[in-house]
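The values are calculated or read from the model by the stated rules, or taken from the named source; none is laboratory data. Bear in mind that the values here come from a model prediction, so they are computed numbers and not experimental data. Cβ sites come from the backbone with ideal geometry, for glycine too, and all protein chains shown count toward neighbours.
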Amino acid sequence: MIDKIKNYIAEVEKFSASSQEEIENFRIKFLGKKGILNHFFAEFKNVPNESKKEFGQTINQLKNAAQDKVNQLKEELESKLEEKGVYGDLTRTGESIEIGARHPISIVKNQIIEIFSNIGFNVSEGPEMEDDWHNFTALNLPEYHPARDMQDTFFIQTDPDILLRTHTSSVQVRYMEDNKPPIRTISPGRVFRNEAISARSHCIFHQVEGLYIDKDVSFADLKQTLLYFTKQLFGKSKIRLRPSYFPFTEPSAEIDIYWGLENETDYRITKGTGWLEIGGCGMVDPNVLKNCNIDPKEYSGFAFGMGIERIAMLLYQIGDIRMFYENDIRFLEQFKSSI
């Protein structure tokens, strides 16, 4: 009986397989419920006492040899299949493709759009090359108006009436021309100003501007909208509106949020005050409504605007605006886990 088991051990050691089916048949033959091993275990009671020890040891050798052979054959077969899948696919690229990441500007822009979409604002877009009417005149900035000096503009040399837009307010003008109140829209996009490039400013940047036109719109509606936005994006529940001047809104205000003074960074970015400016706002000037064929006696509205880069710098603690435009992989890879 023991010699018979040893013959099976030799058979196991010599066995090889080229398919999953062959391995499974081998496993059933030796390790199955009706397999060879269970047959020998059943015969154990008939073995003389003086031979039981050797018989048991030999059965265990067969069991271990069969189990090891099954594991070995499975690993070899899986390895071959994997190798074939990797190297046998001629459609695969020569090098592995790294997973990309959204740009931080896109991440923040999408977050802003989602926040305002939740309270009924849609998204409007317009051309980056604008005419003087939509970029200036319709916004209560007629020719030679001194407020035009607030924005250094890139004009197209061949046509002085065409320029690179200096704000996305031009999109709001186009939207008011094509739509009747009630109007509730935000206009995110890239804008251009002829400014010196530094750690805090750039000649190219992104804005998002909001507009709400309807009957009986008040400054209180504007404040409540801005408070909702700052709570959702920054988690801050304290804002203040400081009187300011914008040609297309009256009254106008700067928007500040209370950032706090919890650490050294807070002191640095708020200059020790705890307050941080994030944009401008105001009630739409009646002249702007008239220019867009909206009756200011029947309708009123508010507008606001803020720089996306500035918000991104606050959220991600980025100290230099130029990093957004240098396409440094080391910088961009930090945002792989962001939405």
(message) Just to be sure before I move on: is Ser170 small (Gly, Ala, Ser), in the same structural domain as Tyr258 (by TED's automatic domain parsing), buried (at least 16 other Cβ atoms within 10 Å of the Cβ) and assigned to a helix (DSSP H, G or I) in the structure I sent?
(response) yes
(message) Looking at Ser300, Ser237 in this structure, which one is in the same structural domain as Thr166 (by TED's automatic domain parsing) and under 22 Å from Gln111 (Cβ atoms)?
(response) Ser237
(message) For the range 147-200, give me each residue that is of a type in the set (Val, Ile, Thr) and in contact with a strand residue (DSSP E or B) (Cβ under 8 Å, 6 or more places away or on another chain).
(response) Thr153, Ile156, Ile162, Thr166, Thr168, Val171, Ile183, Thr185, Ile186, Val191
(message) Condition check: part of a loop (DSSP other than H, G, I, E, B) and surrounded by 15 or more Cβ atoms within 10 Å (Cβ to Cβ). Does Lys231 satisfy that?
(response) no
(message) Restricting to the range 202-228, name every residue that is over 20 Å from Pro286 (Cα atoms) and surrounded by 14 or more Cβ atoms within 10 Å (Cβ to Cβ).
(response) His202, Cys203, Ile204, Phe205, His206, Gln207, Val208, Thr225, Leu226, Leu227, Tyr228
(message) Quick check on Tyr228: is it without any contact (Cβ under 8 Å) to a residue 24 or more places away in the chain, among the aromatic types (Phe, Trp, Tyr) and either out of contact with any helix residue (DSSP H, G or I) (no Cβ under 6 Å at 6 or more places or on another chain) or closer than 25 Å to Ser170 by Cα (or both)?
(response) no
(message) With the structure loaded, tell me whether Val70 is in contact with a Lys or Arg (Cβ under 8 Å, 6 or more places away or on another chain) and at pLDDT 70 or above or whether it fails that test.
(response) yes
(request) Please state which one of Arg102, Arg27 is under 30 Å from Lys336 (Cβ atoms) and either under 60 Å from the mean Cα position of the chain (by Cα) or modelled with pLDDT of 80 or more (or both). (result) Arg102
